[in-house]
């Protein structure tokens, strides 16, 4: 089978698990962090640099690529893999979150969503069928069903109707994907907001459609951490153990541990790249701000425990100088480091699970991260 998920080891104290997801472009060891390459590029990084940093899979955005250059252009260039020279797996989201974030520009209907292009204001339409066909042209290994991401906060009745429509749309996506199952795995998306009954209902109905994997949507949109944990507990209890679980748009080091111990396998987030461009750096000793004057003559690397290219070759003082001078190299070095940190943190989590010491590793990493974090 082109797509197969195997759980290798379960943590004896939590629901954390280490697995392998097979795809046409190679295996993915889970838990895994996926760098976000919205427009077929992870900002400031070449695909070769991502590979060297340890990336196993990257994410691209259906909505933005449909707007520019257009999925037909991507297909003419050989699909995402050939176009961007990335030979490992790629995941594309459906574009649902981006469309619904344009709340003042869209109109949600049963057939799909009409919205104004943020580029030129022209009217556009996206449906479950269109979103799925666009992803066929993009050629990603893993594609997402078209869904509605309910806002936070939202009334129970609104979230219920939204979750019901997401199920109907998932059925249409699955029908559109028939004949492509060997090349592209379509994941269903569970919604339901922060309401346990709706989360359970959405999970049950989505699982009935028998997707090869399940995404958890509608979190990290403003809810509290306890609300996120409660939703993940419901997901852990209601999603099949033999299928991969993908928490969309999350998160921070704390979020990773919080979700992995509740059975989540896959993550994506723009945080490491977006933070890097502002000088916000994630290190084993917490978060530092490379623009702060304390780093002016500092000859140490950004993280003494890091093996990334930037930390092996450059000092904090030099990188601060680059940021204060608005040099492009500042973003490149900072992004390289942050992605390396996130990717290797997830590798460490996987190794801790296979050694059956996940709780101890969590305490070690987060204890040091928070105790020494100075925001300097």
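What number goes with the only condition from (1) over 19 Å from the mean Cα position of the chain (by Cα); (2) surrounded by fewer than 19 Cβ atoms within 10 Å (Cβ to Cβ) that residue 223 does not pass?
Against the list (1) over 19 Å from the mean Cα position of the chain (by Cα); (2) surrounded by fewer than 19 Cβ atoms within 10 Å (Cβ to Cβ), residue 223 comes up short only on (1).
Here are the criteria: (1) crowded, with 23+ Cβ neighbours inside 10 Å; (2) without any contact (Cβ under 8 Å) to a residue 40 or more places away in the chain. Tell me which single one residue 191 does not satisfy.
(2)
Quick one: is residue 217 surrounded by 24 or more Cβ atoms within 10 Å (Cβ to Cβ), within 18 Å of residue 149 (Cβ to Cβ) and touching a strand residue (DSSP E or B) at 6+ places or on another chain (Cβ under 9 Å)? Even if it seems obvious, please write down each step before you answer.
Numbers: surrounded by 24 or more Cβ atoms within 10 Å (Cβ to Cβ): yes; within 18 Å of residue 149 (Cβ to Cβ): yes; touching a strand residue (DSSP E or B) at 6+ places or on another chain (Cβ under 9 Å): yes.
Yes.
Residue-wise test of (1) within 26 Å of residue 246 (Cα to Cα); (2) in the same structural domain as residue 239 (by TED's automatic domain parsing).
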position: 261; (1), (2): yes, yes
position: 292; (1), (2): no, no
position: 295; (1), (2): no, no
position: 300; (1), (2): no, no
position: 308; (1), (2): no, no
position: 319; (1), (2): no, no
position: 329; (1), (2): no, no
position: 341; (1), (2): yes, no
position: 352; (1), (2): yes, no
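Filter region 302-321 down to the residues that are out of contact with any strand residue (DSSP E or B) (no Cβ under 9 Å at 6 or more places or on another chain) and either assigned to a loop (DSSP other than H, G, I, E, B) or under 16 Å from residue 43 (Cβ atoms) (or both) and list them by number.
Passing the criteria: 307, 308, 310, 314, 315.
Counting only residues that are over 22 Å from the mean Cα position of the chain (by Cα) and farther than 30 Å from residue 48 by Cα, give me the strands (runs of 3 or more DSSP E) lying completely in region 61-130 with at least 2 of them. Write out each step before concluding.
Details: elements: 90-93, 106-108, 113-116, 123-126.
Fully inside region 61-130 and qualifying: 106-108, 113-116, 123-126.
On the given criteria, is residue 262 assigned to a helix (DSSP H, G or I) and closer than 30 Å to residue 206 by Cα? Break it down into steps so the answer makes sense when it comes.
On the way: assigned to a helix (DSSP H, G or I): no; closer than 30 Å to residue 206 by Cα: yes.
The answer is no for residue 262.
Taking the condition farther than 17 Å from residue 295 by Cα and in contact with a helix residue (DSSP H, G or I) (Cβ under 8 Å, 6 or more places away or on another chain), does residue 366 pass? Steps first, answer last, please.
Details: farther than 17 Å from residue 295 by Cα: yes; in contact with a helix residue (DSSP H, G or I) (Cβ under 8 Å, 6 or more places away or on another chain): yes.
It is true that residue 366 is farther than 17 Å from residue 295 by Cα and in contact with a helix residue (DSSP H, G or I) (Cβ under 8 Å, 6 or more places away or on another chain).
Condition first: without any contact (Cβ under 8 Å) to a residue 40 or more places away in the chain, at negative phi and surrounded by fewer than 14 Cβ atoms within 10 Å (Cβ to Cβ). Now tell me which residues in region 56-76 satisfy that.
Those that are without any contact (Cβ under 8 Å) to a residue 40 or more places away in the chain, at negative phi and surrounded by fewer than 14 Cβ atoms within 10 Å (Cβ to Cβ): 73, 76.
Starting from residues that are free of Cβ contacts under 8 Å to residues at least 24 places away in the same chain and in a helix (DSSP H, G or I), keep the ones in region 334-359 and report whichever is farthest from residue 257 (Cα to Cα).
First pass over region 334-359, keeping only residues free of Cβ contacts under 8 Å to residues at least 24 places away in the same chain: 348, 351-352, 355, 357.
Subsequent filtering for residues that are in a helix (DSSP H, G or I) retains 348, 351-352.
Values: 348: 11, 351: 13, 352: 11 Å.
Among residues in region 334-359 that are free of Cβ contacts under 8 Å to residues at least 24 places away in the same chain and in a helix (DSSP H, G or I), the one farthest from residue 257 (Cα to Cα) is 351.
If I go through region 125-161 residue by residue, how many of them are crowded, with 21+ Cβ neighbours inside 10 Å and modelled with pLDDT under 95?
Qualifying residue count, region 125-161: 4.
Given the criteria without any contact (Cβ under 8 Å) to a residue 24 or more places away in the chain, surrounded by fewer than 22 Cβ atoms within 10 Å (Cβ to Cβ) and outside any strand (DSSP E or B), does residue 39 qualify?
Working: without any contact (Cβ under 8 Å) to a residue 24 or more places away in the chain: no; surrounded by fewer than 22 Cβ atoms within 10 Å (Cβ to Cβ): yes; outside any strand (DSSP E or B): yes.
Judged against the criteria, residue 39 is not a match.
The values are calculated or read from the model by the stated rules, or taken from the named source; none is laboratory data. From a predicted model like this one, the values you see are computed outputs, not experimental measurements. Reconstructed Cβ throughout: ideal geometry from the backbone, glycine too, with neighbour counts over all protein chains shown.
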